[in-house]
Amino acid sequence: DESQLSGLNTIYQSGNHLLTLINDILDLSKIEARKLELYPDTLHFGSFIESLSGIIRIRAEEKDVYFSYEAVGELPTGIKADEKRLRQVLINLLGNAIKFTDKGQVTLRVSTVNEVIDNQASIRFEVEDSGVGMTPEQLDKIFLPFEQVGDTSRRAAGTGLGLAISRQLVELMGGEIKVDSEFGKGSNFWFEIALPIIDVKAEARQKTQQVIG
């Protein structure tokens, strides 16, 4: 019945929250022990961004927030990167942007910073939102482990480790996460990383997946 469904949903959400916390602590422990390694592989850049945008767009629609993706200039067809870790960083930044935006929009902007040299290009990832923004005091703390900003209801939806882990992962990739924010007007996070450019064949763009549920 309705009360049982409500109870099961609470158990499910609590279990997911606990699993996220455990995984985040394990990631942070690996990074601090210098045991976390990146495993770069060839991926079709357009498919990667499309898949990521699909996940974030669903989250945004649940809050009635508009999500947009902007490709600035000509982006490479294929890159060599650790897909799991790059996705982890971008989902964290975009997820935070949606969590702290009650109306307006969240934008993912991707651009190539310089020309391709020796089959390598510096790519800039930028996440901009029209959310609650942060004070200078909050900006000083957001990358510290277990630090959370915002009201209590927003804090309950996170672990306070996402940005700390994301910063460390981007540093492992050779970049640095930077942020601009104004309280009440929104935030802008961005980072630039140099990635090898790979020639990806058109037929390799889509992977066949068996739907099982």
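The values are calculated or read from the model by the stated rules, or taken from the named source; none is laboratory data. Every value quoted in this text rests on a predicted model; they were computed, and no experiment measured them. Positions of Cβ are generated from backbone atoms using ideal geometry, with glycine treated the same way; all protein chains shown enter the neighbour counts. These accessible areas exclude ligands, DNA and RNA; they are computed on the full protein's heavy atoms, side chains included. Shrake-Rupley method; radii C 1.70, N 1.55, O 1.52, S 1.80 Å.
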Problem - Residues being β-branched (Val, Ile, Thr) and open to solvent by 100 Å² or more (accessible area, probe 1.4 Å) - total across the range 1-18 - result: 1
Completion exercise
Considering residues that are touching a residue at least 24 places away in the same chain (Cβ under 8 Å), closer than 17 Å to Pro76 by Cα and assigned to a helix (DSSP H, G or I), the number found within the range 21-50 is 5
Practice task
Return the pairs, sorted by first residue and then second, in which the second residue is open to solvent by less than 40 Å² (accessible area, probe 1.4 Å) and among the small types (Gly, Ala, Ser), the first residue lies in the range 175-200 and is at positive phi, the beta carbons are less than 6 Å apart, and the residues are 6+ apart or on different chains.
Solution key: Gly184/Gly133; Gly186/Gly131; Gly186/Gly133
Practice task
Filter the range 58-81 down to the residues that are assigned to a strand (DSSP E or B) and in contact with a His (Cβ under 9 Å, 6 or more places away or on another chain), then identify the one that is nearest to Leu93 (Cα to Cα).
Solution key: Ile79
Handout entry: Members of the range 177-194 found to be within 14 Å of the chain's Cα centre (by Cα) and in a loop (DSSP other than H, G, I, E, B), listed by number
Key = Ile177
Completion exercise
Residues of the range 90-106 being surrounded by fewer than 18 Cβ atoms within 10 Å (Cβ to Cβ) and either of a type outside the set (A, V, I, L, M, F, W, C) or more than 14 Å from the chain's Cα centre (by Cα) (or both), in sequence order, are Asp102, Lys103, Gly104, Gln105
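Only one of these is under 12 Å from the mean Cα position of the chain (by Cα), more than 18 Å from Ile55 (Cβ to Cβ) and either open to solvent by 50 Å² or more (accessible area, probe 1.4 Å) or modelled with pLDDT under 90 (or both): Arg167, Arg87, Arg155. Name it. Steps first, answer last, please.
Details: Arg87 fails: more than 18 Å from Ile55 (Cβ to Cβ); Arg155 fails: under 12 Å from the mean Cα position of the chain (by Cα).
The conditions single out Arg167.
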